[in-house]
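Input: a single structure, listed below in structure tokens.
Read-outs throughout are calculated quantities, based only on the coordinates presented, and are distinct from any laboratory measurement. It should be emphasised that the depicted structure is a prediction, and the values quoted were computed from it without experimental measurement. FYI the Cβ positions are ideal-geometry reconstructions off the backbone, even for glycines, and counts take in every protein chain you see.
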Amino acid sequence: MIIKLESEEALDDYIICHKCHTLHKKIIIKDETKALCSRCKMLLYRKNSKLITQGLALSITGLIFFILANLFPLIKIDILGTETYITIGSMLVSLVQSGYYLVGLIVLYLIVIFPLMIFLLYIMIFLLMHLQICEYIVKRLLILLAKIQPWHMSDIFLVSILVAIVKLFAMAQIHIGISFWTLFIFVITDIYITKNIHLGELWILKKDIYASTKN
């Protein structure tokens, strides 16, 4: 089936199921309800009048815990009385000092720069939509968010730390630092936002908000 669109803005009236790729025309739904795919019953989008305030609160919370995770030691390793504190920054410095410049750069982007950018983007998007200003900027921020979101790997980094801790237990005394728990809370917050706030919903929310300001 071929659909002819009069303009690029008409694309906003359609949504593709990310599981079976079935094309659907968006319809108006009531608050606290969901729209499901007609073929696979996968969630397409939902309407939540509190999405902006909830998303903004979660984004600020996640950013605070992310900053704390980078300020304090993740773990303290005690081997025969010799104590070593490991932080995210010290791990990156160790990679560079060992000559793994490319690896260090990749790790820097995946576990520091991209996560920081994503939560800053969330905060800016929700804040601008709350104020109902700068529609074009919100559009560009949503596009940027869609491009960098798949490269965010803080959850994988946390799992790798857990694996390393388990292996080190037989050789040294391990003390969990503040940053480990703040990183854990950050990852949980990030997973919750990713699973409960889809980019498609943000596009629909953007369209509804700025359409009301033009009327």
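Summary of values
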{"quantity": "Per DSSP, loop chymotrypsin sites (Phe, Trp or Tyr not before Pro) in the range 117-180 with at most 15 further Cβ within 10 Å", "calculated": "F169"}
{"quantity": "Neighbour-count order for D155, D208, fewest beta carbons within 10 angstrom listed first", "calculated": "D208, D155"}
{"quantity": "Computed lengthening from T22 to L80, 0.36 nm per intervening residue step minus Cα-Cα distance", "calculated": "14.8 nm"}
{"quantity": "Ascending count of other beta-carbon atoms within 10 Å, so fewest first, for K30, K207, K147", "calculated": "K30, K147, K207"}
{"quantity": "Förster radius 41 Å - calculated FRET efficiency between Q173 and H130, Cβ distance, rounded to 0.05", "calculated": "0.30"}
{"quantity": "Per-residue Cβ neighbour rank within 10 angstrom, fewest leading, D190, D13", "calculated": "D13, D190"}
{"quantity": "Full-extension gain in nm, Y109 to I165, via 0.36 nm per residue minus C-alpha separation", "calculated": "17.8 nm"}
{"quantity": "Long-range amide H partners of A35 with built H, under 5 Å", "calculated": "L44, Y45, R46"}
{"quantity": "Under the span-like rule (Cα at least 24 Å along the axis, Kyte-Doolittle mean at least -1.0), DSSP H helices of the chain", "calculated": "51-69, 114-131, 178-196"}
{"quantity": "Centre separation in Å (Cα based) which lies between the range 102-174 and the range 15-91", "calculated": "10"}
{"quantity": "Sum of -39500 (n - 2.57) over DSSP H runs of 4+, divided by residues of the chain (222 nm, nearest 500)", "calculated": "-18000 deg cm²/dmol"}
